[in-house]
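Reading through the structure tokens given below for one structure.
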Amino acid sequence: MPYAVRIHRHGGPEVLRWEEVELRAPGPGELQVRQSAIGVNFIDIYERTGLYKQALPAVLGHEAAGVVTALGPKVKGFAIGDRVAYALNHSGAYAEERILAADRAVKIPDDVSDQIAAAVMLKGLTAVVLLRRTYKVKRNDFVLIHAAAGGVGLLAVQLAKHLGAHVIGVVGSEEKAAVARDAGADHVVVGIDDLANKVRQIVSEGVHVVYDSVGNDTFIASLDCLRPLGMMVTYGNSSGPPPAVAPLELSRRGSLYLTRPVLFNYITRRRDLESAAKELFILIERSNLRVHVGRTYALREAAQAHIDLEQRRTVGSSLLLP
């Protein structure tokens with residue numbers, strides 16, 4: 001039987017358990033995939049701690065890449081041996097093998113490695129959706145990106161520059177500032193103290209859009225970085241959920257827009273998933289996006305990967321390797 005990393009209760013990294021799991025045969029419209037690389041994301045931590053609830057026991061993880069080893073009935077467009085990748089709105093990726101709905105998988109182009117595909121599906125699709133769908137970044141827009149040296153942040157910085165924007169990155173250390181600048185950030189702010197004043201020294205009227213994955217610690221400061229009619233895009237909770245905000249707070253700051261996008265609402269339809277994935281892979285193939293894999297771990301070392309991510313030790317994407 002294959003092995004997987006499961007939780008039987010919510011808590012710290014110590015609740016992650018390396019266990020044998022049964023694997024049923026693929027049913028109608030399903031693929032069996034032998035996984036080669038698995039992405040690690042903050043959503044995995046939210047589910048481990050119980051911030052995001054799910055039934056237990058549960059296998060964590062939302063994105064991975066691997067090879068199709070079996071086809072269920074009525075599967076079209078895939079063959080045994082195909083290299084595929086996926087990002088799902090439900091967990092189950094921390095496993096050596098798994099069953100996957102075929103309509104949620106996309107084929108990996110020949111010149112994209114499994115590790116790059118696994119590192120970029122959730123984070124890369126998120127970046128594409130945020131900058132091309134949620135708020136359509138335009139040439140000469142001023143864009144503020146939190147965690148600019150993180151998995152989504154690094155990709156968002158590069159995509160924003162590709163789209164012609166002026167990019168201000170926010171990071172937690174000088175080491176990460178160098179990474180953000182290398183990705184193309186025009187300005188980098190280290191730390192979140194007095195953030196709004198620092199941003200307005202760069203662009204006095206404020207930015208057009210803020211992409212905030214940090215949540216509680218940065219939410220109000222992010223609002224204060226926006227120009228009138230600017231958009232606040234809050235898409236993560238690495239410091240905890242953002243505080244409640246009264247609509248009057250938005251009007252007081254200049255009739256701001258506030259949205260809380262979720263990737264999977266944008267790719268529910270197969271054609272939308274294929275479109276976003278195609279755009280993502282083209283950006284990678286044309287070197288408009290450089291995918292940085294910062295750390296890799298054996299799958300059974302998932303607890304250490306969680307510790308490093310929570311303690312902000314990582315740069316770029318982290319992978320588990322079965």
Mind checking which residues of segment 96-131 are among the basic types (Lys, Arg) and farther than 16 Å from Leu273 by Cα? Arg98
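Do the conditions hold for Leu319, that is, is it more than 30 Å from Pro13 (Cβ to Cβ), hydrophobic (A, V, I, L, M, F, W, C) and either touching a residue at least 24 places away in the same chain (Cβ under 8 Å) or not assigned by TED's automatic domain parsing to the domain that holds Val15 (or both)?
Answer is no for this residue.
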Mind listing just one residue for me: the one in segment 139-160 that is more than 17 Å from Lys123 (Cα to Cα) and without any contact (Cβ under 8 Å) to a residue 60 or more places away in the chain and, of those, surrounded by the most Cβ atoms within 10 Å (Cβ to Cβ)? Asn140
Test result for Arg83, among the basic types (Lys, Arg), without any contact (Cβ under 8 Å) to a residue 40 or more places away in the chain and farther than 28 Å from Ser213 by Cα: yes
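Can you tell me which residues in segment 207-239 are among the acidic types (Asp, Glu) and touching a residue at least 40 places away in the same chain (Cβ under 8 Å)? Steps first, answer last, please.
Here is the first cut: in segment 207-239, the residues among the acidic types (Asp, Glu) are 212, 217, 224.
Matches in segment 207-239: Asp212 only.
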If you go through segment 48-77, how many residues are more than 21 Å from Pro109 (Cβ to Cβ) and β-branched (Val, Ile, Thr)? 2
For segment 114-128, check the following and say yes or no: at least one residue is touching a residue at least 12 places away in the same chain (Cβ under 8 Å), of a type in the set (Gly, Ala, Ser), touching a Lys or Arg at 6+ places or on another chain (Cβ under 9 Å) and closer than 20 Å to His292 by Cα. yes
Does Asp217 fit the bill of being under 22 Å from the mean Cα position of the chain (by Cα), of a type in the set (D, E, K, R) and outside the structural domain of Arg286 (by TED's automatic domain parsing)? yes
Of all residues in segment 272-283, how many are surrounded by 19 or more Cβ atoms within 10 Å (Cβ to Cβ) and under 20 Å from Tyr211 (Cβ atoms)? 3
Can you name the condition, by its number, that Ala147 falls short on among (1) part of a loop (DSSP other than H, G, I, E, B); (2) over 15 Å from the mean Cα position of the chain (by Cα)? (2)
Can you tell me which condition Val157 does not meet? The list is (1) under 18 Å from the mean Cα position of the chain (by Cα); (2) part of a loop (DSSP other than H, G, I, E, B), and all the others hold. (2)
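The values are calculated or read from the model by the stated rules, or taken from the named source; none is laboratory data. Just so you know, these numbers come straight off a predicted model, no measurement behind them. Ideal geometry is used to build each Cβ from the backbone, glycine not excepted, and the neighbour counts take in all protein chains shown.
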